[in-house]
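Input: a single structure, listed below in structure tokens.
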Amino acid sequence: MRETSKAPPPPRKRIAVYVLVGAALLLGLGGYQHWKTYADARETQRQQEDFVPRVRTAVAQKVNSPVNLTLPGQTEAFDVANLYPRATGYVAKRLVDIGSRVKQGDLLLKIAAPDLDQQLAQAVAQLGQNQAAVLQAQAQVRSATANTKLAHITRYRETTLAGQGWETKQNADNATANYEVQTAGIANAEAGVAVALANLKAQQATVDRLRELKSFEQVVAPFNGVITARNIATGDLLTQDNNSGSPMFTIARDDMLRISVYVPQSAATGIHDGLAAQITVPELPGRIFTGKVARSSIALRSASRSMLVEVDVPNPDGTLRPGLYVDVAFSIPRQVPGIVVPDESLVFDTRGLQVATVEPDSTVRFRSVSIYRDFGTTAELRDGLQGGETLILSPPVELADGDKVQEMDPAPQHGNTPRRTARR
């Protein structure tokens, strides 16, 4: 018996099976991809929800050390005198010039004043006449006193004799009248003495004034210093008390200098007499001069809110000169402790100036602050912190109050290992 082979399925059925298997595979792959995408999204969302940013931190420093403040200043001579003529005459001899160093009492200039000399000689002669007038008036007083004494004796004698009948009553009356006249003569003579003495005193004052003016024919240095200006030459005519023009000389004392400094309001309360200062000059590198605050204006200028302070600096060798620009460094004691924070910790937004602090539970808290002074990389705060707070440096823009953060070590040894972690 002949075997018969099994008939193959129709082509259409095989194609349908292939199509169904392929579709099932595609549906399975699509479902897996959809599940995978959903799972990744959920994981991303979970990571986002559980994400805790790591931040750099610093500690707000509470400082009580003096504030170092350097300000520009200008040197000035401790004393400056402009010398004007007090005697009218010609310059007979000039002994100094610009740059001459002089000591107190040194002769600077001789003035020839012949008119003044003649006025003094005339006044001295008039003084002698007044002295003689005083002697004459005093002699008249003595004469009037003697005449009065004689008149008193005569009156006594005449009135006694007239009472006894030996003399007439008329003679007695004449003696009494003569006594009264002589008594008035004493008063008149004494008044003459007073007038003569007054004239003598007035003339003596005139002589003293002229002698004082004559002493100004020799111009001397009022103190130790250097001649900084000379505006006269030998032969020039000088007019007494003419201070409307240029002075004959200008002398400056430079063995001690004043340094004028304008201190801002923020440091004015810490400046006091005796506070040490260090002075440096750009043209003298490496040299430091020391001085002390000697005086201040107390009041601040309303235009600049600054106070004028003068620092006295010894300058025995004359290294410093008046008119130099200098830098003056003060070490000013703090009135209250200061809080110093890095500038990176400051945040300015619609709520104003703030810092972000990290609480012990790693929670972020924003605190409003105000700046007292800015040092460039750090700032001293006026209020807002007490010192010791942990501050976030360069806080992320999306960081909000109440968020949790991780603190990174300021200088990690092995990577940025967080010191403290937490989750919201």
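In the set (1) at pLDDT below 95; (2) among the small types (G, A, S); (3) more than 20 Å from E217 (Cα to Cα); (4) not in a loop (DSSP other than H, G, I, E, B), S65 fails one condition alone, (4). Given the criteria of a type outside the set (V, I, T), in a helix (DSSP H, G or I) and either in contact with a helix residue (DSSP H, G or I) (Cβ under 7 Å, 6 or more places away or on another chain) or loosely packed, with under 12 Cβ neighbours inside 10 Å (or both), does Y156 qualify? No; evaluated as a whole, the condition is false for this residue.
Taken together, I111, I153 contain a single residue that is without any contact (Cβ under 8 Å) to a residue 40 or more places away in the chain and on the phi < 0 side of the Ramachandran plot, which is I153.
For A252, the requirement of being loosely packed, with under 12 Cβ neighbours inside 10 Å, over 14 Å from the mean Cα position of the chain (by Cα) and closer than 20 Å to Q74 by Cβ is not met. T234 meets the conditions (1) under 23 Å from D79 (Cβ atoms); (2) modelled with pLDDT of 90 or more; (3) hydroxyl-bearing (S, T, Y) in every case but one. The failed one is (1). Taking the stated definitions as given, is V263 crowded, with 17+ Cβ neighbours inside 10 Å, at pLDDT 90 or above, under 20 Å from the mean Cα position of the chain (by Cα) and part of a strand (DSSP E or B)? Against the criterion (crowded, with 17+ Cβ neighbours inside 10 Å, at pLDDT 90 or above, under 20 Å from the mean Cα position of the chain (by Cα) and part of a strand (DSSP E or B)), V263 qualifies. Of all residues in segment 291-303, those satisfying the criterion of being within 12 Å of the chain's Cα centre (by Cα) and part of a loop (DSSP other than H, G, I, E, B) are S297, I298, A299, L300. Checked against (1) over 28 Å from A379 (Cα atoms); (2) touching a residue at least 60 places away in the same chain (Cβ under 8 Å), G291 meets all criteria but (2).
Residues in segment 292-303: is at least one among the polar types (S, T, N, Q) and in contact with a helix residue (DSSP H, G or I) (Cβ under 9 Å, 6 or more places away or on another chain)? Within segment 292-303 (the criterion being among the polar types (S, T, N, Q) and in contact with a helix residue (DSSP H, G or I) (Cβ under 9 Å, 6 or more places away or on another chain)), the answer is yes, since at least one residue qualifies. Answer with yes or no whether G225 is in contact (Cβ under 8 Å) with a residue 12 or more places away in the chain and either surrounded by fewer than 14 Cβ atoms within 10 Å (Cβ to Cβ) or in contact with a helix residue (DSSP H, G or I) (Cβ under 7 Å, 6 or more places away or on another chain) (or both). The answer is no for G225.
Taking the stated definitions as given, is A23 modelled with pLDDT of 85 or more and either surrounded by 11 or more Cβ atoms within 10 Å (Cβ to Cβ) or not charged (D, E, K, R) (or both)? Here the answer is no, as A23 does not meet what is asked. If you check Q104, Q48 for being assigned to a helix (DSSP H, G or I) and either loosely packed, with under 10 Cβ neighbours inside 10 Å or modelled with pLDDT of 90 or more (or both), only one passes: Q48.
Here are some residues: Q118, Q131. Which one is without any contact (Cβ under 8 Å) to a residue 60 or more places away in the chain, within 60 Å of the chain's Cα centre (by Cα) and more than 21 Å from T183 (Cα to Cα)? Selected residue: Q118, the only one of Q118, Q131 that is without any contact (Cβ under 8 Å) to a residue 60 or more places away in the chain, within 60 Å of the chain's Cα centre (by Cα) and more than 21 Å from T183 (Cα to Cα).
Matching residues to (1) assigned to a helix (DSSP H, G or I); (2) crowded, with 18+ Cβ neighbours inside 10 Å; (3) touching a helix residue (DSSP H, G or I) at 6+ places or on another chain (Cβ under 8 Å); (4) among the charged types (D, E, K, R):
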residue	(1), (2), (3), (4)
I111	no, yes, no, no
D115	yes, no, no, yes
Q119	yes, no, yes, no
A123	yes, yes, yes, no
G128	yes, no, no, no
A132	yes, no, no, no
A144	yes, yes, yes, no
K149	yes, no, no, yes
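Evaluation of G192 against the conditions (1) at pLDDT below 90; (2) outside the structural domain of A121 (by TED's automatic domain parsing); (3) not hydrophobic (A, V, I, L, M, F, W, C) shows that the sole unmet condition is (2).
The values are calculated or read from the model by the stated rules, or taken from the named source; none is laboratory data. As the structure is a computational prediction, the values presented were derived from the model and not from experiment. FYI the Cβ positions are ideal-geometry reconstructions off the backbone, even for glycines, and counts take in every protein chain you see.
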